[in-house]
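These notes concern the structure reproduced below.
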Amino acid sequence: MSIVSILKVVRTASLLFTGLFAGFLLGVLVLENSLRGYGAAVYAQVRQVELDSLDTLASVTLIPALVSTLVVAVLAIRARGNDRWLLLAAFALLLVVFVTSLAFNLPINGDQADWSVQAPPADWASVRDRWQAAHVVRTVSAVLAFCSLAVAAVIRTARSTAAGRSDSALVGSKPGSSHQ
């Protein structure tokens, strides 16, 4: 497999995993917004259900998104590609998601996992509000990262199509040379 083929796979993985992650976060945002109209017991029960598997889904989409986006950003910067700033912005936004999750959402998730559905803590609403505020930050960041990657893909495709070449310029080769 040539370096150009590998690069295309990594670019696709970056866009795919970032898109899946952003879509997942949007779905959780809609659910969480819907829960604002319910009381403590309902909120606590739904959070317990969410915490059963959603952290795993977040990990298996965010980690590959971060790694693949880092790879394409580094290669684009090395090759001084026109899309390097979009790719770097996408990676930075995914780092915002990661740091926000580690600093705010995951500690709250740990606390909420121990909540009693029959007797949630008295401050459940303020804990919910802190979690949801951090979730909005990471959702907006993930969606913007996906948009940056999508725009970079469109730019690269349009430029490659117009020039009649492939991604070989991104890995530092001259058009028409072969990487095997």
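The values are calculated or read from the model by the stated rules, or taken from the named source; none is laboratory data. Bear in mind that the values here come from a model prediction, so they are computed numbers and not experimental data. Counting neighbours? That spans all protein chains shown, and the Cβs are built from the backbone with ideal geometry, glycine included. Note: accessible area is taken over every heavy atom of the protein model, side chains too, but ligands, DNA and RNA are not part of it. Shrake-Rupley method; radii C 1.70, N 1.55, O 1.52, S 1.80 Å.
Take the residues in region 1-22 that are surrounded by 14 or more Cβ atoms within 10 Å (Cβ to Cβ) and free of Cβ contacts under 8 Å to residues at least 40 places away in the same chain, then tell me which one is nearest to PHE146 (Cα to Cα). Within region 1-22, the match that is nearest to PHE146 (Cα to Cα) is LEU16. Evaluate the following for ILE108: is it at pLDDT 95 or above and hydrophobic (A, V, I, L, M, F, W, C)? Yes. If you check LEU102, LEU88, LEU94 for being in a helix (DSSP H, G or I), touching a residue at least 40 places away in the same chain (Cβ under 8 Å) and among the aliphatic types (A, V, I, L, M), only one passes: LEU94. In region 23-48, the qualifying residues are those that are assigned to a helix (DSSP H, G or I) and of a type in the set (Phe, Trp, Tyr), and the one that is most open to solvent (accessible area, probe 1.4 Å) is PHE24. Residue pairs whose Cβ atoms lie under 9 Å apart, sitting 6 or more positions apart in sequence or on different chains, and linking a residue in region 31-47 that is within 16 Å of SER126 (Cβ to Cβ) to a partner that is polar (S, T, N, Q) and open to solvent by 40 Å² or more (accessible area, probe 1.4 Å), are ALA44/SER116; ALA44/GLN118.
I'm checking my understanding of the structure. Among residues of region 105-116 that are in a helix (DSSP H, G or I) and among the hydrophobic types (A, V, I, L, M, F, W, C), which one is least open to solvent (accessible area, probe 1.4 Å)? Even if it seems obvious, please write down each step before you answer.
Applying the first criterion (in a helix (DSSP H, G or I)) to region 105-116 yields 105-113.
Okay, now just the ones that are also among the hydrophobic types (A, V, I, L, M, F, W, C), so 106, 108, 113.
On the way: LEU106: 76, ILE108: 16, ALA113: 53 Å².
Restricting to residues being in a helix (DSSP H, G or I) and among the hydrophobic types (A, V, I, L, M, F, W, C), the top hit is ILE108.
For region 49-60, a residue qualifies if it is among the acidic types (Asp, Glu), open to solvent by 40 Å² or more (accessible area, probe 1.4 Å) and over 14 Å from the mean Cα position of the chain (by Cα), and exactly one does: ASP52.
Among the residues of region 118-136, which ones are surrounded by fewer than 17 Cβ atoms within 10 Å (Cβ to Cβ) and in a helix (DSSP H, G or I)? Selection gives ALA125, SER126, ASP129, ARG130, ALA133, VAL136.
ARG80 satisfies every condition listed in (1) outside any helix (DSSP H, G or I); (2) at pLDDT 95 or above; (3) among the charged types (D, E, K, R) except (2).
Just to be sure I understand, how many residues within region 61-83 are in contact with a Leu (Cβ under 7 Å, 6 or more places away or on another chain) and more than 28 Å from PHE24 (Cα to Cα)? Within region 61-83, residues that are in contact with a Leu (Cβ under 7 Å, 6 or more places away or on another chain) and more than 28 Å from PHE24 (Cα to Cα) number 3.
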